[in-house]
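A short worksheet on the structure shown next.
Values quoted throughout were computed directly from the atomic coordinates according to the rules given, and no laboratory measurement underlies them. Since this is a predicted model, take the numbers as computed values, not measurements. Backbone-built Cβ (ideal geometry, glycine too); neighbour counts: all protein chains shown.
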Amino acid sequence: MDWSPEALSPREAFQRPSFRTKTDKIFCQETSSAKLSGGRVPLCFDWRAPDMFPDLARDDVFRLETRRLWLRWPQASDARNLAALAGDWEVARFTAHIPHPYTLEDAERFIRDSRIGNSLGRHLRLVMTLKSGDRSAIGMIGVQTDDGSNLGYWLGKPYWRQGLAGEAVGAMIDAFFLVTKAPALTAAAMPENAASQAVLRRIGFRPAGEAPAPGRHHGGKALLFALDRESWARAA
Ligand SMILES: CC(C)(COP(=O)(O)OP(=O)(O)OC[C@H]1O[C@@H](n2cnc3c(N)ncnc32)[C@H](O)[C@@H]1OP(=O)(O)O)[C@@H](O)C(=O)NCCC(=O)NCCS
């Protein structure tokens, strides 16, 4: 996959601000490294190859370890836990796409989709499990690549405020920059989602403007955050 910047002049790039065109699939991202490092030129990338994650991440033996967590591929047996934890409105309300109510069938479908996408390298979705526990799912973290590289995560409410999301996000961004050649990772949070913004800022994401909010927040504005490869490498 070629991640080299596409040869668009700055003017051409700015004239195509809405990022991915339907026809040529060139992706331009104003929040990429040029902007974060003080430049004003959005970078554009060839987006024709959807298989961003390499073989290494496409097998379900792939896992990430943090001090207290394993991050692993979701399994059919996770459905009950995922449905119960993500079925809590307190968890779902700040996410764009978790349905509410969230049924066992929703969780089973999500797990199937996640495993298919993982094996194709289109995204990387991992469940969070506690190393000290029975390894059951306590949350999800993933990078979607259908429109840029976007980080998303949620944690079951009983596990909040222990720094676990920060650990999971740290491991995921390290893996993302190590196994892909992508130039930047973005994330979005609703303005009232202080916890998610705190997680992103602490790990090094910088504010990158606002965008129309997707999914259940349609009609509102989401705050965008970005972390470019150079900033990640400097902080590592
Ligand atoms: C966002 C979420 C994953 C954070 O998980 P967490 O493990 O509780 O977060 P952490 O313990 O790592 O806390 C990280 C920071 O957020 C702060 N924080 C946690 N909960 C908070 C809250 N309710 N309000 C304000 N700040 C909060 C912590 O104090 C900490 O700040 P610090 O780094 O300055 O010390 C969790 O609240 C969640 O799943 N929320 C629902 C789903 C969601 O919002 N997903 C993200 C969508 S963008």
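Per-structure values
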item	result
Ascending count of other beta-carbon atoms within 10 Å, so fewest first, for MET52, MET140	MET52, MET140
Proximal charge balance of LEU64 [Cβ under 11 Å; K/R count +1, D/E count -1]	-1
Spacing of the two label points (7 Å from each Cα toward its C-beta) at LYS157 and ASP88, in nm	0.6 nm
Dmax and Rg, reported as Rg then Dmax, of segment 51-182 (C-alpha, Å)	13.7, 37
Label-to-label distance, nm, for residues given as ARG80 and ARG67 (7 Å Cα→Cβ offset)	3.2 nm
Residues in segment 167-207 reached by a label modelled at ALA235 [backbone nitrogen below 12 Å; 7 Å Cα→Cβ]	167, 169-174, 185-187, 198-207
